[in-house]
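First the structure, in the form of structure tokens, and then the observations on it.
Derivation of every value follows stated rules applied to the coordinates shown; laboratory data play no part. The structure displayed is predicted, hence computed values, not measured ones. As a convention, Cβ positions derive from the backbone with ideal geometry for all residues, glycine included, and neighbour counts pool all protein chains shown.
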Amino acid sequence: MAKKKTWKEMTPSAKAGTIVVGIVQMSLLVAAQRDISKRPAAMINGPKAAWRAASFINFIGPMGYFIFGRKKPVTAM
């Protein structure tokens, strides 16, 4: 198994990639948490607390919430 590189051992492009991935992850987390806070419980599939906890799972949690956790609004015709 390859030894993990420390920050000092990483190339500049690897450092930039790590920073970008971190920013995307944090943005998804904040967006999911904000949406869970503002959306009524009736518009969320399942308990809010479960989605809050799940949103801390890297990438999968927030994306899962946005795909499966939100109920689609009913539009009146």
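What are the residues whose amide H is under 5 Å from the amide H of Arg70, where those residues sit 5 or more places off or on another chain and H is modelled from the backbone?
Correct list: Asn45.
When the dipole is taken about the Cα centre of the chain, and only Lys, Arg (+1) and Asp, Glu (-1) are charged at their Cβ, what size is it in debye, to the nearest 20? Before the final figure, lay out each step's value.
Values: 13 positive and 2 negative charges, 18 e Å.
That gives the chain a dipole magnitude of about 80 debye.
So, R0 is 35 Å and r is the distance between the beta-carbons of Ile60 and Lys38; what FRET efficiency does that work out to, to 0.05? Please report the intermediate quantities before stating the final value.
On the way: r = 22 Å, r/R0 = 0.63.
Efficiency for this residue pair is about 0.95.
Identify which of the listed values of Rg/Rh (Cα atoms, Kirkwood Rh) was calculated from the structure shown: (i) 1.02; (ii) 1.19; (iii) 0.91.
Here the calculated entry is (ii).
Which angle between 0 and 90 degrees, to the nearest 10, do you get for helix 12-38 versus the longest principal axis of the chain when only C-alpha atoms count?
Between the helix axis and the principal axis of the chain, the angle is about 20 degrees.
Mind giving me the FRET efficiency for Ala50 and Trp7? R0 is 22 Å, r the Cβ-Cβ distance, nearest 0.05 is fine. Present the calculation step by step, with values, prior to reporting the outcome.
Details: r = 35 Å, r/R0 = 1.57.
So the FRET efficiency works out to roughly 0.05.
Pick out, in residue order, every one of the trypsin sites (Lys or Arg not before Pro) in the stretch 1-48 that is DSSP loop and has at most 15 other C-beta atoms within 10 Å; say none if there are none. Don't jump to the answer; show the numbers that get you there.
Values: sites: Lys3, Lys4, Lys5, Lys8, Lys15, Arg34, Lys38, Lys48; in loops: Lys3, Lys4, Lys5.
When the trypsin sites (Lys or Arg not before Pro) of the stretch 1-48 are filtered for loop state and at most 15 Cβ neighbours within 10 Å, Lys3, Lys4, Lys5 remain.
At a Förster distance of 30 Å, what's the computed FRET efficiency of Thr75 paired with Val20, Cβ-Cβ distance as r, to 0.05? Can you show the working numbers first?
Working: r = 37 Å, r/R0 = 1.22.
It comes out at approximately 0.25.
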